[in-house]
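Below is one structure, written out as structure tokens, with a few remarks after it.
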Amino acid sequence: MKSNKNFWLGIVAAAALAAMGCAEDDNGGAAGAGGSGGSGGSGGSGGTAEMAMVRVAHLGTDLPTAENTAVDVTVDGAVAIEGLTFAQSTGFVSLTAEEHTFGVNVAGTETEVFSITTTLPADSISTIVAIASVNVETDAQSPLNVLLFDGDLTDLPAGSGRVLVGHGFDSVDFETVDVILPATCEADGALVEDLAFATVEPVGDLPEDNYVIALAAPDSCDAAVGPLTAPVTPDVATLLIAAADADGAPQVYAIIGDFESGDMMDPIPTLAPVPAM
């Protein structure tokens with residue numbers, strides 16, 4: 001698998017340029033295309049295209065198959081990321097701020113598993129997380145779904161982190177869950193109530209700390225998953241995703257901040273259980 005970061009950036013930039021059709025602005029010439037990860041040439045008097053940041057994570061257990069979870073991610077029909085496997089995330093890349101169609105193919109083929117069309121606003125910071133839909137009732141339903149996280153940090157208080165949670169564990173016992181702080185649940189209630197499968201909700205802006213959280217049945221303060229230690233890092237977004245692990249058991253994965261380790265394909269960690277007292 002290719003892992004050079006500049007290679008990936010060049011591929012995604014090429015996909016974005018293809019989506020734009022390399023059209024010229026009414027008032028200026030077209031901007032020059034960048035090299036392998038390089039910057040593009042200067043545009044004419046029409047100005048520079050507005051951009052958005054996006055990354056993709058794979059938390060779809062058994063997708064495309066239990067034996068091989070590798071997928072290719074396409075942007076507007078062109079392959080942008082090759083060989084993304086279960087519990088991996090890419091880093092952020094730049095795309096033009098406009099409507100794009102993101103697809104997921106079986107790796108090395110043109111067999112599409114899922115696609116979604118969404119508009120990326122200018123200066124937005126988006127994370128697209130692929131999750132598995134296990135309870136598929138008809139052939140028209142896809143076994144793959146997505147969670148879309150908005151990483152905007154507008155008005156984030158100094159010293160705090162912005163926390164969002166997504167529900168990607170498809171089970172009849174977990175159709176909806178509450179996100180709780182077990183120590184204060186009885187007095188204060190849930191942090192997030194009735195979080196439904198395939199939805200994302202804000203937890204809030206929390207001061208830097210390690211928080212003990214759990215997933216519980218609606219209106220319950222008894223942990224169904226956890227308790228777990230969730231770190232909140234100041235000045236970044238923390239994305240918590242409930243999803244199955246490779247064995248099908250519920251876990252809570254954490255994507256924190258830019259999530260850069262130097263590799264383009266990073267393993268997504270799970271929250272650590274709180275040690276028994």
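Just so you know, all these numbers are worked out from the coordinates, no wet-lab data involved. The structure displayed is predicted, hence computed values, not measured ones. Here Cβ is always computed from backbone atoms with ideal geometry, including for glycine, and neighbour counts include all displayed protein chains.
What the table shows:
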read-out: Nearest-0.05 FRET efficiency for D235 and T101, computed from C-beta distance (R0 30 Å); value: 0.40
read-out: Percent of alpha-carbon pairs separated by more than 27 Å within the range 51-269; value: 31 percent
read-out: For the range 61-142, convex hull volume per residue from C-alpha positions, Å³; value: 108 Å³
read-out: The range 184-265 - percent relative contact order, Cα under 8 Å, separation 6 or more; value: 20 percent
read-out: Separation of the T117 and S220 label points, Cα + 7 Å toward Cβ, nm; value: 4.2 nm
read-out: Cα-projected label distance for T270 with A196, points at 7 Å along beta-carbon direction, nm; value: 2.7 nm
read-out: Bridge type composition, the range 51-269 - antiparallel percent by DSSP, nearest 5; value: 80 percent
read-out: Protection proxy ranking of 187-200, 57-70 - average other beta-carbon atoms within 10 Å, highest first; value: 57-70, 187-200
